[in-house]
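So the structure is just underneath, and the comments pick up after that.
The values are calculated or read from the model by the stated rules, or taken from the named source; none is laboratory data. Keep in mind that this is a model prediction, so the values were computed, not measured. FYI the Cβ positions are ideal-geometry reconstructions off the backbone, even for glycines, and counts take in every protein chain you see.
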Amino acid sequence: MKILIVEDDEPISNLIKISLTAEGYDCVCAFDGKMGADLIEEDIFDLILLDIMLPEIDGYELLEYIKPLGTPVIFLTAKSKVNDRIRGLKLGADDYIVKPFQIGELLARVEALLRRYGKANKKLAFADVEIDMASRTVCKGGELVDLTVKEFDLLVELIRNKNVALYRERLYEKVWGEEYFGDTRTLDSHIQRLRKKLGWGDYIKTVFRIGYRLEDRE
């Protein structure tokens, strides 16, 4: 899945690139509208994240160039007025995110839009483990690992939030889909089984009084 990020603020662009790359996307950055147009002409992208206020060529003008290609576009912009949103959507943008935004929201919007276009990222990877989201299978070093439904969902949540300390209540409510009442035994036992089945005792860390963190040692 290849994503073009057209954003002139390099720290923001780099943060987006790092976050999307961690999710398995192949990202390319452009720091002005002309560079973005050149890259679009040279390559095919599955999705374009597009700032509006760009040097050389602004986002509105660049969107006119993108539309005939049929590539989905998400506007990233500090323009928060309703009229600006209406203009962007009427010009053909598929979604509109106002800065500042949470990176988790951006990842969710990217995934939802790609899914709508039938381009959802169907594979995740971490260390020596590969996950096929479509078939819900997990392989470690090329060998199939037998996981339960909840173990699989828990693994996906840990990988999607690697290096982030996740609270027990968040993990439980996300994976089990019900309110967390403070009993840690169910979650803790699933974590222990994941560690054992994947040989990830050094990767899945217990965070005192918080929960768990999948640690990328690289």
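The figures follow:
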{"read-out": "Where a residue in the range 48-63 is β-branched (Val, Ile, Thr) and its partner, wherever it lies, is surrounded by fewer than 17 Cβ atoms within 10 Å (Cβ to Cβ) and assigned to a helix (DSSP H, G or I), with Cβ under 8 Å and at least six apart", "value": "Ile57/Lys34"}
{"read-out": "Residue list for the range 10-25, filter: in contact with a Lys or Arg (Cβ under 9 Å, 6 or more places away or on another chain) and among the charged types (D, E, K, R)", "value": "Glu23"}
{"read-out": "Every residue from the range 23-74 that is part of a loop (DSSP other than H, G, I, E, B) and among the hydroxyl-bearing types (Ser, Thr, Tyr)", "value": "Tyr25, Thr71"}
{"read-out": "Boolean, Ala108 is outside the structural domain of Arg195 (by TED's automatic domain parsing), small (Gly, Ala, Ser) and free of Cβ contacts under 8 Å to residues at least 24 places away in the same chain", "value": "yes"}
{"read-out": "Set Leu89, Leu20: member being part of a helix (DSSP H, G or I), under 30 Å from Val164 (Cβ atoms) and within 23 Å of the chain's Cα centre (by Cα)", "value": "Leu20"}
{"read-out": "Residue list for the range 161-185, restricted to those being surrounded by 13 or more Cβ atoms within 10 Å (Cβ to Cβ) and farther than 12 Å from Gly211 by Cα", "value": "Asn161, Lys162, Glu173, Lys174, Val175, Trp176, Tyr180"}
{"read-out": "Per-region count, the range 160-218, residues in contact (Cβ under 8 Å) with a residue 24 or more places away in the chain, farther than 19 Å from Glu23 by Cβ and basic (Lys, Arg)", "value": "3"}
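One line per residue, one yes/no per condition, for (1) of a type outside the set (D, E, K, R); (2) surrounded by fewer than 15 Cβ atoms within 10 Å (Cβ to Cβ); (3) modelled with pLDDT under 90:
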{"residue": "Pro11", "(1), (2), (3)": "yes, yes, no"}
{"residue": "Ile16", "(1), (2), (3)": "yes, no, no"}
{"residue": "Leu20", "(1), (2), (3)": "yes, no, yes"}
{"residue": "Tyr25", "(1), (2), (3)": "yes, no, yes"}
{"residue": "Ala30", "(1), (2), (3)": "yes, no, no"}
{"residue": "Gly33", "(1), (2), (3)": "yes, no, no"}
{"residue": "Tyr65", "(1), (2), (3)": "yes, yes, yes"}
{"residue": "Phe75", "(1), (2), (3)": "yes, no, no"}
